[in-house]
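To keep things clear, I will list the structure first and then write my remarks on it.
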Amino acid sequence: MVEFEPKIIGFLCNWCSYAGADLAGVSRIQYPSNIRIVRVMCSGRLDPIIPLEVLAKGADGVIVLGCHPGDCHYSEGNLYEERKIKMLKRLLALTSVGSDRLKLEWVSASEGQRFAHVVTQFTEQIRKLGPSPVSGKNPNLKILENLQAAKNAASGFRLRVLVGSERELTEKSNVYNEKIPQEEFDALLDDAVEAEFTQHKLHLLTRDRSLPVKALAEATELKPADVLKQIVSMRRKNMITVDHIEGVTPFYKALEVE
Amino acid sequence: MSETDKPRIGVFVCHCGVNIGSVVNVPKVVEYAKTLPNVVYSEDNLYACSSEGLGKIKEAIKNHQLNRVVVASCTPRTHEPLFRGACEEADLNKYLFHMANIREHCSWVHPKDPKKATEKAKDIIKMAVAKAALLEPQIEPEINVQPSALVIGGGVSGMTAALSLANQEFNVHLVEKDKELGGKLRELYKLYPSDKLSSEILDGYVRSVYSNTNIDVYTLSTVKHIEGFIGNFEVTINREGKEETLKIGTIVVATGADVFKPHGMYCYGENKNVITQLELEKLMSERKLGEPKSVLMIQCVGAREGKEGGRNYCSRICCAIAVKNALQIKEMFPDAEVFILYRDMQTYGKDFEEQYQKARENFVQFIRYDDAEPPDVYARSDGKLSVRVHDILVNDTLELDADLLVLSTPLVQSEEAKELSKLLKVPLGADGFFLEAHVKLRPVDFATDGIFVCGTAHGPKTIGESIAQAYAAASRAGIPMALGQVRTEAITAYVDEGLCTGCGTCVKLCPYNAIRKDDEGIARVNDALCKACGVCAASCPEKAVNMRHFSDAQVIAEATAALGGL
């Protein structure tokens, strides 16, 4: 059997990490050839939906490289990206793709050796994990749908506002001199990620047919009570509605979200 | 033919002599490129960047009506401007060019596996072609530049920059927070290696500044507020409580540095005979040194700490300062003993090594200690200081008496400069000093256009180095003012007004204050201020912000083009 060759997409910031990769080249430092590099101006440019899209299209791993904290060409774009990756890893853990397939590292323009090292390590990590469940000719359709739910969640207002405000909320104090402790914020984010992911999954499941809570609970491997809780919240947001009632069981159907 | 018609992409694959060609099978890659969607022409080139190579690209643009060009060669960080220039000469908007890096990211790093390298090169080109198909022409906005400069800091760097700009016939506003110009030079005694009195040099400088009619000097003044962008800054100066707003074209930051005060280290602050090198200079120039019989200096006090969050940098100038001051003391008090306790002596500059040799010849004693075992200083009951140090070169512990203990402490960034970095929206490095746009290629520019840095605000430097850098910054700051107009990069953010809900997330995240909400609450991007980071686009809760030249669709197209084919 041919050895598994992971497909890895690397997003490198123009100022530090891309230059670090160039330096690895100039220094003729060898590393595995699996990575395909995409240049972006700042690691902070990476919208959370981009890594999700890349994974959905069959990448086995995604690595994002930016400037070391304090060295960002744009002051703090890298720190904002750090928050996005944290949220994405939580989302990925829920999708069964696994958070290990996404990595954020800092590589400076002078760290050719470090670049090669980081890429080699990540390639080995992905090689050990094996092919992504959604790569290749027969992707796992259930997990692919999970990724779609994750993408929808990451496109949604709630997660984007939370992630976009995290540093402001946890690092700077507001006009009342209040600062949200990091643990408190993380717990809040955890809840939000789980709720948003679940809601978008329920939305996808009921897009083409109406389903009762019991069937949805089975499909999502959640308790019926938890599913119902999310459905209540979704009804408030006009994401879902009662399609019809069989006996005493309501069947739910997704509404088109703008 | 319109540039936005159906893409007609030309792919030019460079051999780079043997750099690419000896690893990657270039002819095979060219044949592959021809099979890619929207590619209508492909050829190989021995050196795409040679005038012949560029000529062939221009010819092909004409002959094959290409409206997108991909060059597969080296890194865009060095060669993109060249190829973009060729496209412009062939009347193709330079933003319709894209580069595939198959040298630094491929042939140079995978020479042992030509087969895999060739496959990777194909993928890299496929990705570049996918992005190229979505490229759009961009227009670089042109803006007028006010012929008036602001220099912040009236030390030797700031005065040099101000004089240089004034001599180029630009108006200069020189802002100094203290009552007098001169900065740290006012506290120094004699300068090395010339042995000239600092005051002599300084007087000449200050006179030329005040007598230059192109320079307005603002003392006891600070920068309160900065708005605008290259060519059109609006700077509010606070002069002794009164505020004044200036129209400024370019800005030079020359705020200098502070000297670290080592409170709590080696009895500093507890014993009056423990001082810093700067305090020693002042005592020497005021002739208040007394008659010390034994002077001991300790190097690297609070520098090169090697710990998380510490002052881990080398302050570079302290070794030469200690050598210079040791020689001065020897000259004033030939019988005094002078010891320099060091970790590594680095007298790196022109003529400095000679000073070090001279100090050795004049019996200044150099004792090397290990940073794991720093000297031990204690005050005896008779008021004298005792120093115990393990000399690692002779592997012996020495007990030394000192009438005066001089601590060589590093330059550190001032608190005011930290505030200024926020006002100017320019970064500080990990060591706290101002961070240039590129350490080699743009050493006095900030990433923000129109703002430049020089002197010790950028890191510890000698006076000579500060002056040289000040000339560099002044000449860089003069260019846009001399041209009168500048074109700014077209890679900027733009807002889809129909989607924007005015939540303000982008306004808060933008590191350059480039986004403001208009009267209707819709986010507006100032193109001249936007520097293309894209944090706003990646964070907009409504996905109403996108980037020119790096749109979501373009980035995703490039990133996913090669998937499934690896």
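Against the numbered list (1) at the interface with chain A (Cβ under 7 Å from one of its Cβ atoms); (2) part of a loop (DSSP other than H, G, I, E, B); (3) not small (Gly, Ala, Ser), B:ASN513 comes up short only at (1).
Touching a residue at least 12 places away in the same chain (Cβ under 8 Å), farther than 17 Å from B:LEU327 by Cα, in contact with a Leu (Cβ under 7 Å, 6 or more places away or on another chain) and of a type in the set (Phe, Trp, Tyr): does that describe B:TYR348? When the stated conditions are applied, B:TYR348 does not pass them.
Quickly run through the range B:453-468 and pick out the residues that are farther than 30 Å from B:HIS549 by Cα and either in contact with a strand residue (DSSP E or B) (Cβ under 8 Å, 6 or more places away or on another chain) or small (Gly, Ala, Ser) (or both).
The answer is B:CYS454, B:GLY455, B:THR456, B:ALA457, B:HIS458, B:GLY459, B:PRO460, B:GLY464, B:SER466, B:ALA468.
Screening B:LYS422 on (1) in a helix (DSSP H, G or I); (2) within 12 Å of another protein chain (Cβ to nearest Cβ); (3) under 21 Å from B:ALA149 (Cβ atoms) shows it passes everything except condition (3). Within the range A:188-204, the set of residues being surrounded by fewer than 19 Cβ atoms within 10 Å (Cβ to Cβ), closer than 21 Å to A:SER96 by Cβ and touching a residue at least 12 places away in the same chain (Cβ under 8 Å) comprises A:LEU189, A:ASP190, A:GLU194, A:ALA195, A:LEU204.
Checked against (1) over 30 Å from B:ILE340 (Cβ atoms); (2) under 28 Å from the mean Cα position of the chain (by Cα), B:ARG207 passes all but a single condition, namely (2).
Answer yes or no as to whether B:GLU520 is among the acidic types (Asp, Glu), surrounded by fewer than 16 Cβ atoms within 10 Å (Cβ to Cβ) and more than 21 Å from B:ARG84 (Cβ to Cβ). Break it down stepwise before answering.
Values: among the acidic types (Asp, Glu): yes; surrounded by fewer than 16 Cβ atoms within 10 Å (Cβ to Cβ): yes; more than 21 Å from B:ARG84 (Cβ to Cβ): yes.
Against the criterion (among the acidic types (Asp, Glu), surrounded by fewer than 16 Cβ atoms within 10 Å (Cβ to Cβ) and more than 21 Å from B:ARG84 (Cβ to Cβ)), B:GLU520 qualifies.
Across the range B:524-548, the number of residues qualifying as within 13 Å of another protein chain (Cβ to nearest Cβ) and not in a loop (DSSP other than H, G, I, E, B) comes to 8. Scanning the range A:1-24 for residues that are of a type in the set (D, E, K, R) and surrounded by fewer than 24 Cβ atoms within 10 Å (Cβ to Cβ) yields A:GLU3, A:GLU5.
Evaluation of A:SER27 against the conditions (1) touching a residue at least 60 places away in the same chain (Cβ under 8 Å); (2) more than 7 Å from every other protein chain (Cβ to nearest Cβ); (3) buried (at least 24 other Cβ atoms within 10 Å of the Cβ) shows that the sole unmet condition is (3).
Return a yes/no flag: does the range A:13-28 have any residue that is assigned to a strand (DSSP E or B), within 19 Å of the chain's Cα centre (by Cα) and under 20 Å from A:PHE115 (Cβ atoms). Scanning the range A:13-28, I find at least one residue that is assigned to a strand (DSSP E or B), within 19 Å of the chain's Cα centre (by Cα) and under 20 Å from A:PHE115 (Cβ atoms), so the answer is yes.
Matching residues to (1) of a type outside the set (Lys, Arg); (2) in contact with a helix residue (DSSP H, G or I) (Cβ under 9 Å, 6 or more places away or on another chain); (3) farther than 19 Å from A:GLY112 by Cα; (4) within 7 Å of chain B (Cβ to nearest Cβ):
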residue: A:SER33; (1), (2), (3), (4): yes, yes, no, yes
residue: A:CYS42; (1), (2), (3), (4): yes, yes, no, yes
residue: A:ARG45; (1), (2), (3), (4): no, yes, yes, yes
residue: A:ILE50; (1), (2), (3), (4): yes, yes, yes, yes
residue: A:ALA59; (1), (2), (3), (4): yes, yes, yes, yes
residue: A:GLU76; (1), (2), (3), (4): yes, yes, yes, yes
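Scan the range B:45-63 and give yes if some residue there is among the acidic types (Asp, Glu), within 21 Å of B:ALA117 (Cβ to Cβ) and surrounded by fewer than 18 Cβ atoms within 10 Å (Cβ to Cβ), otherwise no. Walk me through it before giving the result.
Start the filter on the range B:45-63 by keeping residues that are among the acidic types (Asp, Glu), which leaves B:52, B:59.
This time we only want the ones that are within 21 Å of B:ALA117 (Cβ to Cβ), so: none.
Within the range B:45-63 (the criterion being among the acidic types (Asp, Glu), within 21 Å of B:ALA117 (Cβ to Cβ) and surrounded by fewer than 18 Cβ atoms within 10 Å (Cβ to Cβ)), the answer is no, since none of the residues qualifies.
Residues of the range A:133-155 that are modelled with pLDDT under 95 and in contact with an Asp or Glu (Cβ under 8 Å, 6 or more places away or on another chain): A:SER135 alone. Just one of the listed residues (B:LEU134, B:LEU165) is aliphatic (A, V, I, L, M), crowded, with 21+ Cβ neighbours inside 10 Å and either within 30 Å of B:VAL555 (Cβ to Cβ) or at pLDDT 95 or above (or both), and it is B:LEU165.
Kindly indicate whether A:SER17 is within 26 Å of A:ASN138 (Cβ to Cβ), out of contact with any His (no Cβ under 7 Å at 6 or more places or on another chain), of a type in the set (S, T, N, Q) and more than 10 Å from chain B (Cβ to nearest Cβ). Here the answer is no, as A:SER17 does not meet what is asked. Figure legend. Inter-residue proximity from the range B:117-144: first residues farther than 18 Å from B:ASN101 by Cα, second residues in a helix (DSSP H, G or I) and of a type in the set (Ser, Thr, Tyr), beta-carbon distance below 6 Å, spacing 6+ or different chains. Indicated pairs: B:PRO137/B:TYR95; B:GLN138/B:TYR95. Residues in the range B:222-264 that are aliphatic (A, V, I, L, M) and at pLDDT below 95: 2 in all. In the range B:109-130, which residue that is of a type in the set (Val, Ile, Thr) and touching a strand residue (DSSP E or B) at 6+ places or on another chain (Cβ under 8 Å) is farthest from the other protein chains (Cβ to nearest Cβ)? Per the stated criteria, the residue is B:VAL129. The condition (being part of a helix (DSSP H, G or I), within 14 Å of another protein chain (Cβ to nearest Cβ) and not hydroxyl-bearing (Ser, Thr, Tyr)) is satisfied by just one residue among A:HIS117, A:HIS68: A:HIS117. Of the strands (runs of 3 or more DSSP E) that lie entirely inside the range B:241-306, those containing 3 or more residues that are under 21 Å from B:VAL389 (Cβ atoms) span B:274-276, B:294-298. Among the candidates B:GLU373, B:GLU354, the residue that is charged (D, E, K, R), under 33 Å from the mean Cα position of the chain (by Cα) and surrounded by fewer than 16 Cβ atoms within 10 Å (Cβ to Cβ) is uniquely B:GLU354.
Restricting to the range B:493-510, and then to whatever is over 31 Å from the mean Cα position of the chain (by Cα) and facing chain A (nearest Cβ under 9 Å), can you tell me which residue is surrounded by the fewest Cβ atoms within 10 Å (Cβ to Cβ)? Among them, the one singled out is B:THR501.
Within the range B:428-450, restricting attention to residues that are more than 9 Å from every other protein chain (Cβ to nearest Cβ) and within 18 Å of B:CYS533 (Cα to Cα), the residue that is surrounded by the most Cβ atoms within 10 Å (Cβ to Cβ) is B:GLY450. Say whether the condition of being in contact (Cβ under 8 Å) with a residue 60 or more places away in the chain, part of a helix (DSSP H, G or I) and surrounded by fewer than 19 Cβ atoms within 10 Å (Cβ to Cβ) is met by at least one residue in the range A:160-176. Checked the range A:160-176: at least one residue is in contact (Cβ under 8 Å) with a residue 60 or more places away in the chain, part of a helix (DSSP H, G or I) and surrounded by fewer than 19 Cβ atoms within 10 Å (Cβ to Cβ). Residue count for the range A:37-76, restricted to those that are buried (at least 24 other Cβ atoms within 10 Å of the Cβ) and of a type in the set (Lys, Arg): 1.
Across the range B:21-56, the qualifying residues are those that are of a type in the set (Val, Ile, Thr) and in contact with a strand residue (DSSP E or B) (Cβ under 6 Å, 6 or more places away or on another chain), and the one among them that is farthest from B:HIS549 (Cα to Cα) is B:VAL26.
The values are calculated or read from the model by the stated rules, or taken from the named source; none is laboratory data. Every value quoted in this text rests on a predicted model; they were computed, and no experiment measured them. Counting neighbours? That spans all protein chains shown, and the Cβs are built from the backbone with ideal geometry, glycine included.
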